[in-house]
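Single-structure report; data block below.
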Amino acid sequence: MVKQSETTGSGPEAGDGTMELLAPAGSWEAFKAAVENGADAVYLGGKSFNARAGAANFALEELKSAVRYAHERRVKVYVTVNILVADREFPELTEYLYALYSLGADAVILQDPGVAWFMRHILPEMEIHASTQMTVNTQWGVRRLESMGFARVVLARELSAGEMAQICASTPLAIEVFVHGALCVCYSGQCLMSSFIGGRSGNRGTCAQPCRLSYTLVDGAGKDVLAEANLGDHLLSPRDLNLVEELGELRKIGVDSLKIEGRMKRPEYVATVTRIYRQALGRLERVESSEGPELLEPEERRELTQIFNRDFTQAYFFSHPGAELMSYKRPNNRGTRLGRVKSYGRGRLFLKLEAELNQGDGVEIWTGQGREGLSVTGLRVAGSPVARAQAGDVVELEFSGRSAPGDRVFKTHDAVLMEKARRSFQEGKEERRFALTLRVRGRVGAKLELDAESWGRHLVFSSSGFLEKARQRPLTEDYLRQQLGRLGTTPFYLESLRVDLEGDVILPVSELNELRRKVVAALLAGEENRTSGLTPDEYHRRVGKWSESLRAGRRAAPKAGARLVSVAVADSEGLAGALEAGAGRLLLGGERWRSQAGFSPAEIRRAVEHCHELGVESVWRLPRILNEEQSLYWLKILKQAARWEIRPPLMVANLGELEMIKAVDPDWPLEADYSLNVFNEAGVDYFRREKVRVITLSPELHHEQIERLAGGAHLEMLVFGDLEMMVSEYCLIGAALGGKKGQTCAGLCREGPYFLRDRLKYDFPLETDWDCRMHLFNVKRLNLYGELGQIAAMGMKRIRLQLARSDRERVRQVVGLFRAAWEKSDPEKRDAGDIEESQKVLARLYPQGFTKGHFFRGIL
């Protein structure tokens, strides 16, 4: 029986010193596994609007049952609404959010800034948590989320312990970090690889995990530069995160919630990992300091590894791990080492064990030609059948695959561990219970009084009838314990019973049963519904008011003017090409690639002054990702730039940058880059009301979604150029070739170009920026030149050419073609022959080919 303290499961307040254990649930069984194995809170998703669409998930009635079950056991439930939401889905979202509120969910987890803005107006009573999909990794980003009404932030998984500590010390918000499970190689919320390659978007919960596939790193000549390294083929596949040994450090840092990844994992995984982290936390809480005894027993460490691992990593917690972040040879469960093949022949495999093996276990043999798997059904030792064999035994197995002496063997499925896990959440045998103390008092002619204590509450009940003198079988302590202790599947167990009865008395058993039911009902009454009573009428009145506010915002938006082409360039050569083509609006900067000279702040200033002299509008693009140290650098630069005589508008790429610039000068003209994932009218409204003058829409939008938003001079869309699919702290070139670890790297990225080649022989360009982040681009560039007429008819006025990786001549020609089609003529009346000729020019400039992105196909 899992006996709970009075406070377990109540959840931490920000900075109160306790750490919540937050477990995943992708199904009812996984939910039960999390609760019964000691989770303080569970996060799960409904059938819609969540980032794990492939899990079983929960219908509303199941959610209601889950919340009730959890609250009866002092466990919180957080519901994921952590995807980008299309405008057409807002009516359904509106009803869904109210349903979550009504059934008592403790919080919702959000990604979409538009949805957060929406909830702040229509449902401020409900707590909102910022998903790691919001890509927040600095104090600035956390401050921005605080201003948006968030109560908790799930930090990006790329942070170090020191960065976590800085953030925890600077905010009243609760801080949640991932401590165990699968890692994304890209910053969450910024990965478009699955989206662009297969139309399945991680921002919509349907990621196909292309990062787990096999790739080759090739140079400009197509040569496999890792051919002799024997690293493995899974060059983008990280190991699994495991911070169980760092719980003391996390407590010292001030982290409030410890999150286990795994809503796609089976319930046995959830049970095992949750149980082991709960036991480790229990040991930690019994010591005064973060230093002390080992937090895991050897068997727990084995179980944690056995249940699932791709090998383990602490990610960026202590320093940049380089290649030690990655599982190059194995994108799925590697299990635990079992031994080596001793001999093999005639369908019999002999194996020298290094660990226990049982009937029903799953085994995988790592041969020179690949992996061979088998399920253990005929286990023999010394010729005799056995159910279990021990380390040191030579076992005989039936096997018909390929193997050779010396092959390594791993146990990938542990039947005993799985059964142990299943028993912990078996239906009808729930054991997560709270102590109940009862005292019985009474005498003949009086009512029986029952005092009950649990959860820090003291309740007193009286029987409806009176005690009578017993002629036979008076009430005894054993009998009362038997009747009052029948607590069944309730979350209580009878810890102690005190009997203060005067003389031999009796009371009908029905009265005793009714008293027991009253005690349980009274204790649970406060847990069943934690909402404040917002009525449907009031809620829908708020929704109507919000809708009117959106319409007013749309009317107040800057009216559409002349059509305009924006050109994004990253160095002086690109700038020169754009100006030669007569560009009227330039987006300068962004990332500085190691393959190019790039713009320094001083060069940005000169470029801005030059554009001003020519009457050309210029905007300074900030990098897509900044960590704490880089934010300090940029804060200094921006404070200096605030004193420039000619100060350009700034294009921000993340929420932290927005907050930082507001701190420098709240009136600095701002624009929003596409990496902010503006996907709907609510998102547009939020940034517009934050005085962001131009908003670049998400490149994942379908043309019908764009048309719904189009109109006004404040929106811009990508129509041509590089599509960045991934930005990562992990640099493949540095890790695999340059010995990258911590601050050490040979810097071989400068010797590029390098490409990531997939199984279909497509070469995806790789770039490394000056902060050593890796950027992965689509092999095909976006090209909507042929759709300019349709885009104009939709009401869009601003289009953007993303030419940050193009040389001077290509920039000049591309800008010339698009200006001629968009600014100098009517795009809706272009001659088909002219379009065809222009497309041929573009094809010669970029022979790798083109894609129309999501303009027609949209995303799942």
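The gain in end-to-end length when the ALA843 to THR535 segment is fully stretched comes to 105.0 nm, 0.36 nm per residue minus the alpha carbon separation.
Counting only heavy atoms of the protein chains and using a 1.4 Å probe, ARG621 has close to 20 Å² of accessible surface.
The distance linking segment 667-713 with segment 51-98 is 27 Å (Cα centroid to Cα centroid, whole angstrom). Please give every one of the lysines within straight-line cross-link reach of LYS259, meaning a C-alpha to C-alpha distance under 16 Å, and leave out same-chain neighbours fewer than 8 residues apart. Output for LYS259: LYS76. Testing the spin-label approximation: label points 7 Å from Cα along Cα→Cβ at VAL499 and SER65. State their distance in nm. Between VAL499 and SER65, the label points sit 3.9 nm apart. With the simple model of a label 7 Å out from the Cα in the direction of the Cβ, ASP233 to ARG422 spans 3.4 nm. Peptides 56-64, 192-200, ordered by how many other C-beta atoms sit within 10 Å of their residues on average, highest first, read 192-200, 56-64. The trypsin sites (Lys or Arg not before Pro) found in segment 403-440 that occupy coil by DSSP, while having at most 11 further C-beta atoms within 10 Å, are LYS429.
Neighbours of ALA470, meaning other residues whose beta-carbon lies under 15 angstrom from its beta-carbon, give a summed charge of -2 when Lys and Arg score +1 and Asp and Glu score -1.
If R0 is taken as 35 Å, the Cβ-Cβ distance between LEU635 and ALA151 corresponds to a FRET efficiency of 0.85.
Between segment 141-208 and segment 108-124, the C-alpha centres lie 17 angstrom from each other. Annotation: the antiparallel percentage among DSSP beta bridges lying fully within the chain is about 50. For the residue pairs LYS662/LYS741; LYS411/LYS740; LYS662/LYS740; LYS829/LYS852, the alpha carbons lie more than 27 Å apart in LYS662/LYS741; LYS411/LYS740; LYS662/LYS740.
A protection proxy built from the mean count of other Cβ atoms within 10 Å ranks the segments 693-705, 787-799, most packed first, as 693-705, 787-799. Packing, taken as the mean count of other beta carbons within 10 Å per residue, orders the peptides 40-46, 392-398, 18-24, 472-478 from highest to lowest as 40-46, 18-24, 392-398, 472-478. Accessible area ranking (1.4 Å probe, heavy atoms, ligands and nucleic acids excluded), largest first, for GLU659, GLU299: GLU299, GLU659. Here HIS458 sits with roughly 110 square angstrom of accessible surface, probe radius 1.4 Å. Note on surface exposure: ARG310, ARG647, ARG844 rank ARG844, ARG647, ARG310 by accessible area, highest first, 1.4 Å probe.
With 0.36 nm allotted per residue and the present C-alpha distance subtracted, the GLU828-ALA597 stretch has 79.3 nm of extension available. Computed about its Cα centre, the charge dipole of the chain is approximately 1080 debye, with only Lys, Arg, Asp and Glu carrying charge at their Cβ.
Once all protein chains are placed together, PHE410 keeps about 10 Å² accessible to a 1.4 angstrom probe.
The Stokes-Einstein estimate for segment 273-390, based on a Kirkwood radius over Cα pairs and taken at 37 °C with 0.692 mPa s viscosity, is a diffusion coefficient of 189 µm²/s. Pairs spanning more than 23 Å between alpha-carbon atoms, out of LYS559/LYS780; LYS342/LYS420; LYS223/LYS761: LYS559/LYS780; LYS342/LYS420.
R0 = 51 Å: FRET efficiency of SER510 with TRP644, Cβ-based, nearest 0.05? It comes to 0.05. Under the simplified labelling scheme, the ALA522-ARG402 pair shows an inter-label distance of 7.3 nm, with each label point 7 Å from Cα along Cα→Cβ. Which residues among segment 223-238 fall inside the zone where the amide N is under 16 Å from a point 7 Å beyond the Cα of LYS761, along Cα→Cβ? Residues passing the 16 Å test: 223-224. Extension gain for ALA663-LEU614 works out to 14.5 nm (0.36 nm per residue, less the C-alpha to C-alpha distance). First check a/c for the chain, with a ≥ b ≥ c the square roots of the eigenvalues of its C-alpha gyration tensor; if it is under 1.5, answer rounded, and if not, answer prolate when a/b is larger than b/c or oblate otherwise. Oblate is the answer for the chain, as a/c is 1.5 or above yet b/c matches or exceeds a/b.
For the chain, the longest principal axis of the Cα atoms and the long axis of helix 90-103 meet at an angle of about 20 degrees. Unpaired cysteine residues in the chain (no second Cys Cβ under 4.7 Å): CYS168, CYS184, CYS207, CYS211, CYS611, CYS731, CYS745, CYS749, CYS772. Lys and Arg at +1, Asp and Glu at -1: add these up for the other residues within a Cβ distance under 14 Å of ALA208 and post the number. It works out to a net charge of +4.
Applying 1/(1 + (r/R0)^6) with r as the Cβ-Cβ distance of PHE856 and ASP807 and R0 = 25 angstrom yields a FRET efficiency of 0.25. In whole angstrom, segment 693-764 maps to an equivalent ellipsoid with semi-axes of 37, 16, 10, each derived as √(5λ) from the alpha carbon gyration tensor and ordered largest first. On a 0 to 90 degree scale, rounded to 10, what angle separates helix 60-72 from the longest Cα axis of the chain? Once rounded, one gets 50 degrees.
When you filter the GluC sites (Glu not before Pro) in segment 217-261 for DSSP loop state and at most 13 other Cβ atoms inside 10 Å of their Cβ, you are left with GLU228. The alpha carbon gyration tensor of segment 240-328 gives principal lengths a ≥ b ≥ c with a/c of 1.5 or higher and a/b no greater than b/c, which makes the shape oblate. Cα gyration tensor of segment 591-742, axes a ≥ b ≥ c as square roots of the eigenvalues: rounded (a/c below 1.5), prolate (a/b > b/c) or oblate? Here segment 591-742 falls in the oblate category.
The values are calculated or read from the model by the stated rules, or taken from the named source; none is laboratory data. Treat the numbers as computed from the prediction; the structure is a model and nothing was measured. When we count neighbours, we look across all protein chains shown, and the Cβ atoms used for this are built from the backbone with ideal geometry, even at glycine. Side chains are part of the model used for accessible areas, which takes the heavy atoms of the whole protein and leaves out ligands, DNA and RNA. Shrake-Rupley method; radii C 1.70, N 1.55, O 1.52, S 1.80 Å.
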